1. Please indicate, with yes or no, whether at least one residue in segment 109-125 is within 30 Å of Met210 (Cβ to Cβ), touching a residue at least 24 places away in the same chain (Cβ under 8 Å), outside any helix (DSSP H, G or I) and out of contact with any strand residue (DSSP E or B) (no Cβ under 9 Å at 6 or more places or on another chain).
2. If Val240 satisfies all but one of (1) buried (at least 19 other Cβ atoms within 10 Å of the Cβ); (2) under 22 Å from the mean Cα position of the chain (by Cα), what's the number of the condition it fails?
3. I need every pair where a residue in segment 201-214 that is touching a residue at least 12 places away in the same chain (Cβ under 8 Å) and outside the structural domain of Gly39 (by TED's automatic domain parsing) has its Cβ under 7 Å from the Cβ of a residue that is part of a helix (DSSP H, G or I) and β-branched (Val, Ile, Thr), sequence separation at least 6 or different chains.
4. Any residue in segment 266-287 that's under 14 Å from Glu303 (Cβ atoms): show its pairings with residues that are β-branched (Val, Ile, Thr) and not in a helix (DSSP H, G or I) at Cβ separation under 9 Å, as long as the two are six or more apart or on different chains.
5. Please report, ordered by residue number, the strands (runs of 3 or more DSSP E) entirely within segment 1-107 with at least 1 residues that are under 24 Å from Leu183 (Cβ atoms) and of a type outside the set (Ser, Thr, Tyr).
6. Among the residues of segment 69-89, write down those that are touching a residue at least 40 places away in the same chain (Cβ under 8 Å) and touching a helix residue (DSSP H, G or I) at 6+ places or on another chain (Cβ under 7 Å).
7. Report yes if some residue within segment 269-288 is among the β-branched types (Val, Ile, Thr), assigned to a helix (DSSP H, G or I) and either over 22 Å from Thr25 (Cα atoms) or modelled with pLDDT under 95 (or both); otherwise report no.
Amino acid sequence: MDAIELSNKAQRVTDAVETAIVGKTDIVKLALAVLLSNGHLLIEDIPGVGKTTLAKALAHALGLSFKRIQFTPDLLPSDITGSSIYNQKTSEFEVRPGPVFANIVLADEINRTTPKTQAALLECMEEHQVTIDGVAHPLPNPFFVIATQNNIEMSGTYPLPEAQLDRFSARITIGYPDRDAELKILTNQRQAHPVDSINSVTTAEEILDMQKAVKQVHVDDSIRGYIVDIVCATRALNSVLLGASPRGSLNLLSACQALAGLQGRTFVTPDDVKLLAPAVLSHRLILRPEHRIRGLSALQCIEEALSRVSVPIGLSH
């Protein structure tokens, strides 16, 4: 698949999703870039701005299977992964797969459940497999987890541990629509939800081909150095207790390749890195308590890290 074909297919997906997610083109493309880079997405925002709608719209447009898991305090790991059940007719144990066996899995309000259940997603997200009674079962391919959490109501929640957060390629917020977009939402949903009318414009096989094409996007050595320098800069900030991990570097590189591919380019630019760095790196930082109390945010730390690193010029493709 060449760059033009990749870009055209991605645009068709974006157009289809935007019939349900109005006025959020950048968010839709970022979510698609995470999928094509074979990563996972964390959406942290207030209720009602379209977190679940985005996941459903992507699944419809991409022609992929979709399962939603509502995370609650009493949810068990087996409720996610599945379990082995004894069949009296055959006198054998058989595996009953859980809802994680889908191409796109929406982990809704992931911080509402216990750390033990949150950890059940770790193997799924990293290894793309589930182990039940010592036997590994591969998950569908492609496999994309979209997790959501409400960043306003924190009572009765279990903050995601660093190991879990690091498994997400990017963290985004959707935000409120502007006035024109909200008027369009009211008009579009007078009779039915737009998600229900979205037709698939790709197949699972085409998504896998797009993921392969993304890996062929050229990354200059200077861009690799730029990414590493930014990640290292997060570790050197006085306000940061723990900087971004090497996985952050890998995720940023892959996401940049995907974004370039979505735009029909065969190479990554420094602008791709600067655009994606906040979403890919900010959730991996742990700020020092005294700076966090003063209101400093991880996004501000990423901006400071970007300002400290020289932008490469004169790239060769």
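The values are calculated or read from the model by the stated rules, or taken from the named source; none is laboratory data. Note that the structure is a prediction, hence the values are computed from the model and not measured. Positions of Cβ are generated from backbone atoms using ideal geometry, with glycine treated the same way; all protein chains shown enter the neighbour counts.
1. The answer is no, given that none of the residues of segment 109-125 is within 30 Å of Met210 (Cβ to Cβ), touching a residue at least 24 places away in the same chain (Cβ under 8 Å), outside any helix (DSSP H, G or I) and out of contact with any strand residue (DSSP E or B) (no Cβ under 9 Å at 6 or more places or on another chain).
2. (2)
3. Between residues of segment 201-214 that are touching a residue at least 12 places away in the same chain (Cβ under 8 Å) and outside the structural domain of Gly39 (by TED's automatic domain parsing) and residues that are part of a helix (DSSP H, G or I) and β-branched (Val, Ile, Thr), the close pairs are Val201/Val13; Thr202/Val13.
4. Final answer for the pair search is Val273/Val311; Lys274/Val311; Ala279/Ile172; Leu285/Val240; Leu287/Val240.
5. Values: elements: 41-44, 66-70, 82-87, 92-97.
Because the criterion is at least 1 residues that are under 24 Å from Leu183 (Cβ atoms) and of a type outside the set (Ser, Thr, Tyr), the strands (runs of 3 or more DSSP E) in segment 1-107 that meet it are 41-44.
6. Phe71, Thr72, Pro73, Leu75, Leu76, Pro77, Ile80, Thr81
7. As a first pass, look at segment 269-288 and keep what is among the β-branched types (Val, Ile, Thr): 269, 273, 280, 286.
Narrowing further to those that are assigned to a helix (DSSP H, G or I): 273, 280.
Still in the running and either over 22 Å from Thr25 (Cα atoms) or modelled with pLDDT under 95 (or both): none.
No, segment 269-288 contains no residue that is among the β-branched types (Val, Ile, Thr), assigned to a helix (DSSP H, G or I) and either over 22 Å from Thr25 (Cα atoms) or modelled with pLDDT under 95 (or both).
A quick yes/no check of all residues on (1) closer than 20 Å to Asn199 by Cβ; (2) in contact with a helix residue (DSSP H, G or I) (Cβ under 6 Å, 6 or more places away or on another chain); (3) surrounded by 23 or more Cβ atoms within 10 Å (Cβ to Cβ); (4) not basic (Lys, Arg):
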position	(1), (2), (3), (4)
Gln11	yes, no, no, yes
Asp15	yes, no, no, yes
Ile21	yes, yes, yes, yes
Ile27	no, no, no, yes
Ala33	no, yes, yes, yes
Ser37	no, yes, yes, yes
Leu41	no, yes, yes, yes
Glu44	no, no, no, yes
Pro47	no, no, no, yes
